[in-house]
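A short worksheet on the structure shown next.
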Amino acid sequence: MRADVRTLGSLLGEIIAEDRGRALVDRIEKIRALAKRARGGGEEQWDELSACLKSLPEDDLVDVARGFNQFLNLANIAEQHYHASPEIYSPQAQWGRLIKETPEFNPSILDQLRVELVLTAHPTEVLRRTMIRKYDAVGQALKRKSGPGRRETLKRLIAEIWHTDEVRQKRPSPLDEVKWGFAVIENSLWHAVPRLMRAADEAAVEEGLPAIPPATMPIRFASWMGGDRDGNPNVTAGITGATLKLARWMSADLFLRDVQHLVESLSMAKATPELLKRAARSKEPYRAVLRKLRQRLQATRDWAEGRSDGAEGVLRTDEELINPLDLCYRSLCASGLRTIADGALLDTLRRARCFGIALVALDVRQHAERHAQVFDELLGYLDPDGVAFSKWEEKDKQAFLLRELDNKRPLFPRHWPMSKPVREVLDTFDVLASAGGVGIGSYIISMATCPSDVLQVALLMRARGLKEPLPIAPLFETLDDLKRAPAIMRDLLSLDWYRTRVRNADNRQQVMIGYSDSAKDAGPLAAAWALYQAQEGIARVARECNVDLTLFHGRGGAIGRGGGPAHDAILAQPPGTVDSSLRVTEQGEMIRFKLGSPVLAVETMTRYLIATLKATIAPAKPPSARARQAMDEMAARALRSYRGLIDETRAFVPMFQALTPERELSKLALGSRPSRRRPSADIKSLRAIPWVFAWSQVRLMVPAWLGSETALGYLREQPDRYKELLHWPFFRMQMDLLELMAAKAEPGLGEYYASRLTKAPERELAEALIERLAELRASILALRETGALIADQPLLRDSLAVRNTYLDPLHLLQAELLHRLRQMEDNRPEVSRALKITMAGIASGLRNSG
């Protein structure tokens with residue numbers, strides 16, 4: 001990896017020299033050397049680095065920032081290439097280890113497993129799609145053997161990167177995000193899914209077990225791109241309809257390529273009577289059956305393009321795609337041609353079971369208040385003098401909604417005046433109805449607080465003509481809602497009408513829990529404990545009501561938004577809450593880091609499946625009463641500490657806005673969604689993503705630890721209790737994440753931002769915050785009984801050390817540029833552009849800043 005980093009860095013230097021001259025490369029190298037010296041030195045060395053950056057000629061600002069930014073991106077590629085190499089991670093070896101260590105394992109267990117990864121377009125991906133494609137090409141070139149050809153290819157690609165603007169000039173539209181998500185499927189997941197299953201196959205056979213049956217598909221994909229309209233006015237009913245059509249087109253197009261290859265290769269004549277009958281006694285029966293499927297795929301693609309009315313030939317169900325492929329597979333096996341059957345045909349059959357005719361299941365998400373607004377306006381029109389529906393008591397809402405759900409008359413008058421927001425909500429339900437539910441995953445209700453929130457959606461689905469019941473998932477996000485979630489679900493599942501609905505939909509209820517907003521609301525430690533308890537309570541209610549449960553984890557990439565190693569996170573879930581079923585979001589830049597190439601995607605999916613199997617077969621033991629008591633006390637202390645600063649300190653918001661580039665981040669065209677739910681300067685209206693992003697830019701990582709320093713201070717007084725808690729996977733994971741964030745945080749950089757950008761009293765508050773970070777680090781070191789953070793992870797320490805040499809100049813340059821812009825000393829486009837590049841570079845260097 002170090003050799004690859006050196007090669008890429010050297011080539012980048014050559015390209016910059018060819019473009020801007022050797023003097024600029026020497027200047028960048030001088031800054032890097034000063035940064036490295038400052039890391040090992042004191043205040044004098046930091047002052048020297050700062051003075052050097054302040055004295056940069058104006059013409060060099062952008063390209064110096066670009067040089068450090070591009071090095072960090074290239075280092076990311078080298079690191080990913082290293083971790084994805086077979087010597088580091090072998091999916092087959094991981095499956096083999098699981099089979100050896102788990103006597104209960106047999107391939108049929110995978111039949112019961114359902115892991116669904118939900119791709120979201122949350123605005124944390126700082127790179128343009130153009131740049132992502134170029135970086136992917138660099139990654140592919142690194143796989144080649146060393147030689148002149150490899151070096152020339154890498155240099156050409158790095159030249160393309162250097163001469164391309166890395167910063168988006170305009171925000172992507174929702175359909176741009178949809179196309180980016182589909183590109184990940186086409187270029188990565190489409191190839192990764194068969195490889196994943198082959199690795200499990202080979203491991204099972206090697207251990208003397210049967211191969212994985214072709215019908216088994218434990219992994220699925222869903223998407224929020226084009227469906228998540230919570231706080232995003234750019235995602236309309238029209239966008240959702242276009243997304244569903246585009247998904248159908250993409251699926252048909254991808255399967256057409258596969259089927260064309262099969263038509264060319266399956267020329268054999270030996271076949272079962274069943275296949276011969278389907279093929280009308282053709283001498284090439286496989287080709288005959290597959291040609292018919294090819295015609296239907298072409299008809300489906302034409303319909304999705306709008307070139308036909310869809311009356312004939314269009315594939316309507318997954319079974320219509322799967323059945324011809326399965327028939328061919330069974331015939332080949334029965335005819336003694338299993339070697340042929342287990343080739344490309346098996347790969348296509350597995351893709352059909354994973355992706356189907358809709359490619360991905362599109363989730364629709366909307367805020368609960370938007371549904372209530374529909375009923376406010378409807379009932380206000382029918383009874384102008386009545387109390388607004390949203391003001392009714394919960395029992396009265398439920399009674400009204402249940403009556404209407406059983407009522408056969410239309411809910412809505414033929415013509416009635418409605419606002420544009422209400423029209424948009426109803427148009428969305430019309431889109432779902434017109435699709436017949438095909439291609440739709442779940443309907444997510446943001447900020448759900450009561451059973452009537454779910455009943456409203458059920459009634460709107462029925463009233464707009466949706467015949468098949470779609471899964472409705474309430475999303476519990478705040479601390480109070482998480483605490484009330486088990487009681488809310490008990491009340492909901494006690495309603496006879498709703499229980500019948502659930503029974504008619506595979507007897508499965510989905511519940512989503514939000515990591516981002518709960519952490520922003522209560523702080524990371526109190527939120528993590530509330531999430532753990534909410535899952536326990538919801539699972540208990542589901543068991544008592546005899547309903548199968550899928551918990552949907554809305555995790556972000558950053559630790560302050562629930563991120564972290566997926567394998568450890570799954571094993572740390574409360575016992576009995578995974579139970580063969582898991583749904584989890586993969587967001588923004590983490591899609592690229594975890595699913596962006598077939599090799600990475602196979603590794604990620606393998607980790608998810610193996611951890612879900614382990615958590616199902618041998619779940620963790622429940623925490624002891626003493627552990628719960630300790631966690632209750634720590635969470636309470638952390639909550640008081642967190643909210644005491646965030647909510648009760650008047651200077652906090654001005655300090656946050658002065659210290660971080662939160663306001664300037666809005667100019668970085670990250671995604672189609674606004675950064676705030678509503679126009680306001682307070683913290684509550686700010687979305688969790690820019691909240692985390694802004695703090696990571698100044699390297700204080702506040703959302704990942706604030707409040708925890710108080711809890712760990714309490715724990716330091718009870719070292720025996722700490723050692724007891726380490727036996728609990730949930731607590732162990734919390735400590736690991738806190739240590740990682742403490743290692744990534746840089747108090748010295750935070751102090752520099754404060755000195756350059758804040759004045760009293762904001763500066764005093766920033767200094768107090770940095771002191772809290774120092775307390776956290778001291779407590780971790782004391783409890784761990786070690787002299788250095790992440791001492792047991794030398795590779796990670798090495799990676800951070802290399803990155804810091806390039807990140808430090810970006811941080812200091814960013815602080816200087818923010819100072820200039822805010823003082824209106826320099827408002828030229830070059831300064832603004834350089835600032836955007838520092839933001840993008842820091843985000844890339846930290847890898848999971850949002």
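(1) surrounded by 18 or more Cβ atoms within 10 Å (Cβ to Cβ); (2) without any contact (Cβ under 8 Å) to a residue 24 or more places away in the chain: which one isn't true of GLU101, the others all being true?
If we test GLU101 against (1) surrounded by 18 or more Cβ atoms within 10 Å (Cβ to Cβ); (2) without any contact (Cβ under 8 Å) to a residue 24 or more places away in the chain, just (1) comes out false.
Report, by residue number, each residue of the range 541-568 that is at pLDDT 90 or above and either of a type in the set (Ser, Thr, Tyr) or not in a loop (DSSP other than H, G, I, E, B) (or both). Quick ask: steps written out before the conclusion?
The first filter runs over the range 541-568 and keeps only residues at pLDDT 90 or above, leaving 541-554.
If the condition is that a residue be at pLDDT 90 or above and either of a type in the set (Ser, Thr, Tyr) or not in a loop (DSSP other than H, G, I, E, B) (or both), then VAL541, ALA542, ARG543, GLU544, ASP548, LEU549, THR550, LEU551, PHE552, HIS553, GLY554 are the ones that fit.
Only one of VAL502, VAL511 is crowded, with 18+ Cβ neighbours inside 10 Å, out of contact with any Asp or Glu (no Cβ under 8 Å at 6 or more places or on another chain), hydrophobic (A, V, I, L, M, F, W, C) and assigned to a strand (DSSP E or B). Can you tell me which?
Being crowded, with 18+ Cβ neighbours inside 10 Å, out of contact with any Asp or Glu (no Cβ under 8 Å at 6 or more places or on another chain), hydrophobic (A, V, I, L, M, F, W, C) and assigned to a strand (DSSP E or B) holds for just one of VAL502, VAL511, which is VAL511.
Give the number of residues within the range 408-462 that are small (Gly, Ala, Ser) and under 17 Å from THR240 (Cα atoms). Before you say what the answer is, go through the steps one by one.
To start, the set of residues in the range 408-462 that are small (Gly, Ala, Ser) comprises 419, 433-437, 439, 441-442, 446, 448, 452, 458.
Imposing the further condition that a residue be under 17 Å from THR240 (Cα atoms) reduces the set to 433-437, 439, 441-442.
Selection size over the range 408-462: 8.
Among (1) farther than 17 Å from LYS155 by Cα; (2) open to solvent by 30 Å² or more (accessible area, probe 1.4 Å), where does VAL64 come up short?
Result: VAL64 fails condition (2) only.
Can you name every residue in the range 229-251 that is farther than 13 Å from GLY439 by Cα and either open to solvent by less than 20 Å² (accessible area, probe 1.4 Å) or out of contact with any Pro (no Cβ under 9 Å at 6 or more places or on another chain) (or both)? Break it down into steps so the answer makes sense when it comes.
Step one: of the range 229-251, the residues farther than 13 Å from GLY439 by Cα are 229-239.
Residues satisfying the conditions are ARG229, ASP230, ASN232, VAL235, ALA237, GLY238.
What are the pairs, 6+ residues apart or on separate chains, where a residue within the range 543-554 that is over 13 Å from THR585 (Cα atoms) has its Cβ under 7 Å from a residue that is modelled with pLDDT under 95 and surrounded by fewer than 15 Cβ atoms within 10 Å (Cβ to Cβ)?
What qualifies is VAL547/ASN507; ASP548/ASN507.
For the range 816-839, which positions are modelled with pLDDT of 90 or more and over 25 Å from GLY13 (Cα atoms)?
LEU818, HIS819
Which members of the range 617-635 meet the condition of being open to solvent by 40 Å² or more (accessible area, probe 1.4 Å) and not basic (Lys, Arg)? Working first, answer last.
If we filter the range 617-635 for residues that are open to solvent by 40 Å² or more (accessible area, probe 1.4 Å), which is where we start, we get 617-619, 621-622, 624-626, 628-629, 632-633.
Of everything in the range 617-635, those that are open to solvent by 40 Å² or more (accessible area, probe 1.4 Å) and not basic (Lys, Arg) turn out to be ILE617, ALA618, PRO619, PRO622, SER624, ALA625, GLN629, ASP632, GLU633.
Inside the range 771-813, can you point out the residues that are polar (S, T, N, Q) and either more than 13 Å from GLU746 (Cβ to Cβ) or surrounded by fewer than 19 Cβ atoms within 10 Å (Cβ to Cβ) (or both)?
Keep residues of the range 771-813 that are polar (S, T, N, Q), which gives 779, 786, 793, 799, 804-805.
Listed by number, the residues that qualify are SER779, THR786, GLN793, SER799.
Mind checking which pairs have a first residue in the range 401-425 that is within 22 Å of VAL454 (Cβ to Cβ) and a second that is part of a loop (DSSP other than H, G, I, E, B) and open to solvent by 30 Å² or more (accessible area, probe 1.4 Å), Cβ under 7 Å, 6 or more apart or different chains?
Filtered contacts from the range 401-425: GLU424/THR236.
I'm trying to understand the selection: among the residues of the range 401-432, which are farther than 21 Å from HIS367 by Cβ, assigned to a helix (DSSP H, G or I) and either open to solvent by 20 Å² or more (accessible area, probe 1.4 Å) or not charged (D, E, K, R) (or both)?
The answer is LEU402, ARG403, LEU405, ASP406.
Select the helices (runs of 4 or more DSSP H) contained entirely in the range 285-378, then report the ones holding at least 2 residues which are hydroxyl-bearing (Ser, Thr, Tyr), open to solvent by less than 30 Å² (accessible area, probe 1.4 Å) and farther than 30 Å from ARG414 by Cβ. Please lay out each step first, then the result.
Values: elements: 285-305, 318-334, 346-355.
Qualifying helices (runs of 4 or more DSSP H): 285-305, 318-334.
Can you name every residue in the range 1-33 that is among the basic types (Lys, Arg) and either surrounded by 14 or more Cβ atoms within 10 Å (Cβ to Cβ) or within 17 Å of THR805 (Cβ to Cβ) (or both)?
Across the range 1-33, the qualifying residues are ARG2, ARG6, ARG20, ARG27, LYS30, ARG32.
The values are calculated or read from the model by the stated rules, or taken from the named source; none is laboratory data. Since the model is a prediction, treat every value here as computed from it, not as a measurement. Cβ coordinates were reconstructed from backbone atoms using ideal geometry, including for glycine residues, and neighbour counts include every protein chain displayed. Areas reflect the complete protein model, heavy atoms only, side chains present, ligands, DNA and RNA absent. Shrake-Rupley method; radii C 1.70, N 1.55, O 1.52, S 1.80 Å.
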